Amino acid sequence: MSALVRVQNFVVSSDGYGSGEGQSLERPFGHANPMDLMSWAGATASWPNRTEPGGSRGLDDYFTRDFSHNIGAEIMGRNKFGPVRGPWKNLDWQGWWGDVPPFHTPVFVLTHHPRPPFTLADTTFHFVDASPAEALALAVEAADGRDVRIGGGVQTVREFLDADLIDTMHVAVAPIELGRGERLWDSPDDLLDRFHRDVVPSPSGVTHLLYWRR
């Protein structure tokens with residue numbers, strides 16, 4: 001099987017927003033509470049930031065485990081990497097994730113203001129001023145036969161959807177409304193002209209939407 005371009009464990013509110021308004025260093029998701037969106041994953045046994053034994057098994061845990069399965073590279077937008085806009089005023093900022101980022105692969109950050117790459121643990125961040133197709137070519141080469149994950153944020157996922165470069169997509173719809181912010185879609189039906197879809201409700205309250213190319 002050839003490598004896939006995947007969106008995996010991307011979370012939106014019931015009204016279609018993947019992040020809130022007003023991102024800052026202290027609030028990566030803007031006015032949205034990230035645990036309102038991500039509590040289903042944080043409750044699972046496979047949540048990578050879990051510090052104590054336990055956690056749920058079952059459907060949600062399956063998706064949490066699958067997040068890194070066969071991923072060889074990630075592409076993300078600059079606003080997922082950090083809150084800084086415009087030219088880099090310094091190079092001290094190295095992302096939200098501390099010394100051991102959760103990616104464990106090369107990461108390609110889309111930006112109009114490239115900076116030198118750097119490595120934290122087993123993750124190297126590359127900063128590229130590139131179109132979706134150009135960035136994907138770099139990521140496919142780095143992935144060495146494994147899949148490429150389009151990690152977000154919303155604008156980046158939409159750019160790759162608009163360029164028709166995504167093969168499969170898993171979106172978890174959280175049972176909250178945000179009202180404003182960055183919106184992935186007006187309706188999850190918007191993609192049905194290009195994708196098949198399965199709808200899988202979870203006991204946690206989220207609904208998992210699985211899309212794959214027609």
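The values are calculated or read from the model by the stated rules, or taken from the named source; none is laboratory data. Predicted, not measured: the structure shown is a model, and the values here were computed from it. Reconstructed Cβ throughout: ideal geometry from the backbone, glycine too, with neighbour counts over all protein chains shown.
Points to keep in mind about this one:
- Restricting the search to strands (runs of 3 or more DSSP E) fully inside the stretch 136-211 and requiring at least 3 residues that are touching a helix residue (DSSP H, G or I) at 6+ places or on another chain (Cβ under 8 Å) and of a type in the set (A, V, I, L, M) gives 168-174.
- Filter result for PRO53 (out of contact with any helix residue (DSSP H, G or I) (no Cβ under 6 Å at 6 or more places or on another chain), assigned to a loop (DSSP other than H, G, I, E, B) and within 21 Å of LEU110 (Cβ to Cβ)): no
- Leading residue by the ranking (farthest from GLY58 (Cα to Cα)) among those in the stretch 195-208 that are surrounded by 13 or more Cβ atoms within 10 Å (Cβ to Cβ) and free of Cβ contacts under 8 Å to residues at least 40 places away in the same chain: PHE195
- The lone exception for PRO83 - which of (1) within 29 Å of PRO188 (Cβ to Cβ); (2) buried (at least 18 other Cβ atoms within 10 Å of the Cβ); (3) at pLDDT below 95 it fails: (2)
- Any hit, the stretch 113-131, residues being buried (at least 16 other Cβ atoms within 10 Å of the Cβ), of a type in the set (S, T, N, Q) and part of a helix (DSSP H, G or I): no
- Looking at GLY55, GLY20, GLY30, just one residue is at pLDDT 90 or above, surrounded by 15 or more Cβ atoms within 10 Å (Cβ to Cβ) and of a type outside the set (A, V, I, L, M, F, W, C), and that residue is GLY55.
Quick grid of which residues meet (1) charged (D, E, K, R); (2) out of contact with any strand residue (DSSP E or B) (no Cβ under 9 Å at 6 or more places or on another chain); (3) over 23 Å from LEU59 (Cβ atoms):
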position: GLU134; (1), (2), (3): yes, no, yes
position: ALA143; (1), (2), (3): no, no, yes
position: ARG146; (1), (2), (3): yes, no, yes
position: GLY152; (1), (2), (3): no, no, no
position: ALA163; (1), (2), (3): no, yes, yes
position: ASP167; (1), (2), (3): yes, no, no
position: PRO175; (1), (2), (3): no, no, no
position: LEU178; (1), (2), (3): no, no, yes
